[in-house]
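Colleague: Sending over a structure as structure tokens; questions will come in a sec.
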Amino acid sequence: MDMWVITFLSVTHALRAEKLLKNAKISITLIPIPRELSGPCEGLAAQLQEEDIDQAVNFLEKNGIEMVRRGVKVSR
Amino acid sequence: MKRIYLDNAATSWPKPEAVYTAIDHFNRNIGGNPGRGTTSFALASTGIVLETRELLAQLFNISDPLRIAFTLNITEALNLAIKGTLLPGDHLIISSMEHNALVRPAFTLAEHGVEITVIPCSSEGLLDTKTLVSAIKKNTRMVGLQHASNVTGTIQPVAEVGQICRERGILLLVDSAQSAGVLPIDVQRQYIDILTFTGHKGLYGPQGTGGIYVRPGVAITPLKEGGTGSRSQDTKQPQFMPDCLESGTLNTPGIVGLGAGVRFVLEQGVAAIRLHEQKLMEFLWDNLAGVAKVKRYGVPAVEARTAILSFTVDGMDSAQVSLLLEKEFGIVTRGGLHCTPLAHQTIGTLEQGTCRLSPGFFNTEQEMEAVLTAIVTIAGKA
């Protein structure tokens, strides 16, 4: 199964992103960063629909939330 | 004897009930280490610390709450603000009303090649922006200014100074120790590049809390490096806010209490808090005017000062006045020099010190009447 995720600099950034996106009515789910992306680092990623990525990334950028992966596909 | 606490400029007391319960609730039921992993414990703590950042951002009109880093106190924040930005050859301007929290690190930097100018304020503690402009040089990198004096309560024209600085590409650093929670602060409207704050005064948090806001585009070199819970694979300190300035476990219970305190301020409204404190201040200022041997300091207009009133009694040491107020009347004040030799020099009380009355939101007008009677009695015996 394929899924799309955005990753962040820290857990704090992920939680802040979740709040902002919720207010903007863009639906995401916070999940542990998929192992293939995170390496040895643990954290949270935002899983979202492929069609929401552009809107979410633009919105977060506008609000000063720096992202590490700006919407990438992970195959499971 | 019922005690009357009038030392809110040192630390506010009591705290709103919600502050006590929030800290207790956190310690008993949440307890995790923020940013360290993604267990339910860690996440709950991360979320609650983020909430405090968001509340502070709302109070200070900061658009990105992640530009706020927590520190142990405002002294740490001020040290960071100047030691983390200024280099040998840079010029720093401060006023003659500054607290030692800024003055001492500034004079340490002066020994390492940073040029310092202390611009004189009036005997009422007020900064003249014309004097500031004339002190600006080619290498002026920063102006450091207390929003309100901890000795006289005198409010400085921060927005005006901010505009002067912004037009010239100079950083404005504001020390809001005495103003956060009692005066409106808007980092955008007042052109504040770096805002430092303490948690335990007008924001009603516990001691051991404070922080620093750094405008986007301004970078501060940390004074300490260490674990941040982010980029753990990296042996280098992260460069992004707030992690770059927040190494080691935070004072999470304190930050939780601070969040409850800021929420209290937002619920009451800064304007309502200010109005109440102004009423108490007006009573003291007006009624002490007629008391023989008593001299008051600072700006007369109630709008031009916070709820701080420094006074002296002719022929008496100010520490003695403070001691008598507590011993004989149960009134808690601070007497002597208030960690700011420059300010005492400015207002002419370096020898005698002052006795400082700093009522807060939880004081009543009835208490102010008792304070007045006590001071009249003490001055009568002097």
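Colleague: State which residue pairs qualify: first residue more than 13 Å from chain B (Cβ to nearest Cβ) and free of Cβ contacts under 8 Å to residues at least 40 places away in the same chain and inside segment A:1-28, second residue crowded, with 20+ Cβ neighbours inside 10 Å and in a helix (DSSP H, G or I) in any location, beta carbons under 8 Å apart, and separation of 6 or more residues or different chains.
Modeller: A:21/A:56; A:21/A:60; A:26/A:56; A:27/A:21; A:28/A:17; A:28/A:21; A:28/A:56
Listed here are the residues, each with its yes/no results for (1) away from chain A (no Cβ under 11 Å); (2) surrounded by 16 or more Cβ atoms within 10 Å (Cβ to Cβ); (3) in a loop (DSSP other than H, G, I, E, B); (4) modelled with pLDDT of 95 or more.
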{"position": "B:192", "(1), (2), (3), (4)": "yes, yes, yes, yes"}
{"position": "B:197", "(1), (2), (3), (4)": "yes, yes, no, yes"}
{"position": "B:230", "(1), (2), (3), (4)": "no, yes, yes, no"}
{"position": "B:248", "(1), (2), (3), (4)": "yes, no, yes, yes"}
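Colleague: List the pairs whose first member sits in segment B:293-317 and is in the same structural domain as residue B:122 (by TED's automatic domain parsing) and more than 18 Å from residue B:97 (Cα to Cα), whose second member is among the charged types (D, E, K, R) and surrounded by 15 or more Cβ atoms within 10 Å (Cβ to Cβ), and whose Cβ atoms are under 8 Å apart, counting only residues at least 6 apart or on separate chains?
Modeller: Note: no pairs meet the criteria.
Colleague: Here is a follow-up. Among the residues of segment A:29-76, write down those that are in contact (Cβ under 8 Å) with a residue 40 or more places away in the chain and of a type in the set (A, V, I, L, M).
Modeller: The answer is A:45, A:46, A:48, A:53, A:56, A:57, A:60, A:65, A:67, A:68, A:72, A:74.
Colleague: Take segment B:29-66 and flag every residue that is within 11 Å of another protein chain (Cβ to nearest Cβ), aliphatic (A, V, I, L, M) and within 30 Å of residue B:185 (Cα to Cα).
Modeller: Result: B:44, B:48, B:49, B:50, B:57, B:62, B:66.
Colleague: How many of the residues in segment B:215-226 are within 12 Å of chain A (Cβ to nearest Cβ) and in contact (Cβ under 8 Å) with a residue 60 or more places away in the chain?
Modeller: Qualifying residue count, segment B:215-226: 2.
Colleague: Hey, another quick one. Return the residue satisfying two criteria in turn: it lies in segment B:232-246 and is closer than 15 Å to residue A:11 by Cα and not in a loop (DSSP other than H, G, I, E, B), and of such residues it is farthest from the other protein chains (Cβ to nearest Cβ).
Modeller: Selected residue: B:244.
Colleague: Please note which helices (runs of 4 or more DSSP H) are completely contained in segment B:257-372 and include at least 3 residues that are of a type in the set (Gly, Ala, Ser).
Modeller: B:318-329
Colleague: Now for a separate question. With the requirement that a residue be exposed (fewer than 15 other Cβ atoms within 10 Å of the Cβ) and out of contact with any helix residue (DSSP H, G or I) (no Cβ under 7 Å at 6 or more places or on another chain), what does segment B:105-130 give you?
Modeller: B:107, B:108, B:110, B:111, B:112, B:113, B:128, B:130
Colleague: When you go through (1) surrounded by fewer than 18 Cβ atoms within 10 Å (Cβ to Cβ); (2) touching an Asp or Glu at 6+ places or on another chain (Cβ under 6 Å) one by one for residue B:279, which number turns out not to apply?
Modeller: With (1) surrounded by fewer than 18 Cβ atoms within 10 Å (Cβ to Cβ); (2) touching an Asp or Glu at 6+ places or on another chain (Cβ under 6 Å) applied to residue B:279, the lone miss is (2).
Colleague: Looking at residue B:204, is it part of a loop (DSSP other than H, G, I, E, B), on the phi > 0 side of the Ramachandran plot and touching a residue at least 40 places away in the same chain (Cβ under 8 Å)?
Modeller: Taking the combined requirement at face value, the residue satisfies it.
The values are calculated or read from the model by the stated rules, or taken from the named source; none is laboratory data. This one's a predicted model, so the numbers in the text were calculated from it and none came from an experiment. Note that each Cβ is placed from the backbone with ideal geometry, even for glycine, and that neighbours are counted across all protein chains shown.
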